[in-house]
1. Given R₀ = 25 Å, FRET efficiency for Lys177-Arg156 by Cβ-Cβ distance, to 0.05?
2. Going by how many other Cβ atoms sit within 10 Å of their own, how do Ile42, Ile79 line up, fewest first?
3. I need the P(r) histogram for segment 242-307: all alpha carbon pairs, bin width 5 Å from 0 out to the longest distance, whole percents.
4. I need Thr246, Thr334 ordered by Cβ neighbour count within 10 Å, fewest first.
5. Once the Cα gyration tensor of segment 49-134 is found, what semi-axes does its equivalent ellipsoid get, as square roots of 5 times the eigenvalues, in whole Å, sorted largest first?
6. When only alpha-carbon atoms are used, what values of Rg and Dmax, in angstrom, describe segment 106-237?
7. Given labels modelled 7 Å from the Cα in the Cβ direction, how far is it in nm from Ala148 to Thr121?
8. Under 23 Å Cα-Cα from Lys111, which lysines qualify once same-chain neighbours fewer than 8 residues away are excluded?
Amino acid sequence: MSNQAEQKVLSAVPHSPAPAAAAAPAGKNPPNPRVMVVAGLIALAAIGAGGRMWYRSHYFVETENAYVAGHVHPVSSRIAGVVSKVLIEDNQLVKEGQVIAELDPFDQHVKVEQIQAQIETAEQQVLQSEAQIAQVNAQASAAAAQVAQSEAQLLRAKQDAERYGQLYTSQMKAVSKAELDAATAARTSAAADLAARKDSAAAAKAQITAATSAREVQKAQIKVLRVQLKDAQQQLAYNQVLAPVTGRIGKRTIEVGQRVQAGQQLTAIVQDNVWVTANFKETQLAEMHVGQQVHVTVDAFPGKELVGRVDSFAPASGAQFALLPADNATGNFTKIVQRVPVKITLKAEDIKAMGGRLAPGMSAIAEVALKEGDLKEGGLKVAAH
């Protein structure tokens, strides 16, 4: 009974139609236009980026290892002293020769007055020496006169002695023996007196020489003292600390009441004529030469492009100027691409237009146009990215 019931139920269910024959293979769908456009744009962008990279690698070299540089002049005191006045403020513009600070001049004034007193004393000693020379000259003249007198007396004594000798002989006794002896003694005495007078004259001449030498020594001492006076006066002038160049004050450390030593730095002056020092890789220098155009961008002024020129190349790489240069003779050697500093000068009008805002130490990006002439001839524009 159950089987018959199931057959009736199944016969009552309607039969489903036979599945349709398999459809013929469908044709290929047309490509999506949006996909094609996107793929084309990507391809064009890739080609453009690759072309730009080739173009820039062929015509430009660039480095981010660049910094603004300038003349920074340290200002120091030439003498020791106590600061009495400070006439500058931070970042102030100063002119060459302007007084920056003053030191207490008391010590230098005392030294100047002391040397002046020594000069006056030496000059008085020179006058005394000249008076002494005049006195010795007079004594020498008197001694010379006495020598002449003694010579005349000796001549007379000789003549008297000769006459008495002729009058007193073995054949003739016109004079006495006592008179002959007296004449002979007078001649001897006159000779001795002449010798003494000559010695006195020689001594007087020696005194003249000694007095003259003493005077010359004193005059030389006066010259030395005058030089010392000039030095002392110069030291007195050094109490005013002057600006060596025109520029702006930086790193001011001087204050009133501070005791400074000779050579101690008090401040620094930075000039406005700055330039850029760019450290290029040694592999970038093959086609670089002096005079090439450089486009410089300073990080502090994004979007502001400065134009410069390659001025010169450093005579050695930066590693050679390091405090501890690498010793490549050791066994632990690793080849590293070295960097060579390149000086890039900027246009004066660009520096002036910045109004003193370009400060040494600022980071920059330097881009050198390698084939500037070829680019201009080919009608291409040389510009930074």
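Read-outs: derived from the displayed coordinates by stated rules, not from any lab. Given the structure is predicted, the values throughout are model-derived calculations rather than measurements. So basically every Cβ, Gly included, is an ideal-geometry build from the backbone, and we count neighbours across all protein chains shown.
1. Between Lys177 and Arg156 the formula returns 0.75.
2. Ile42, Ile79
3. 3, 10, 14, 15, 12, 12, 9, 10, 8, 4, 2, 0
4. Lowest to highest Cβ neighbour count: Thr334, Thr246.
5. Largest first, segment 49-134 gives 66, 21, 9 Å.
6. 28.6, 99
7. Modelled inter-label distance: 4.4 nm.
8. Straight-distance partners of Lys111: Lys85, Lys219, Lys223, Lys230.
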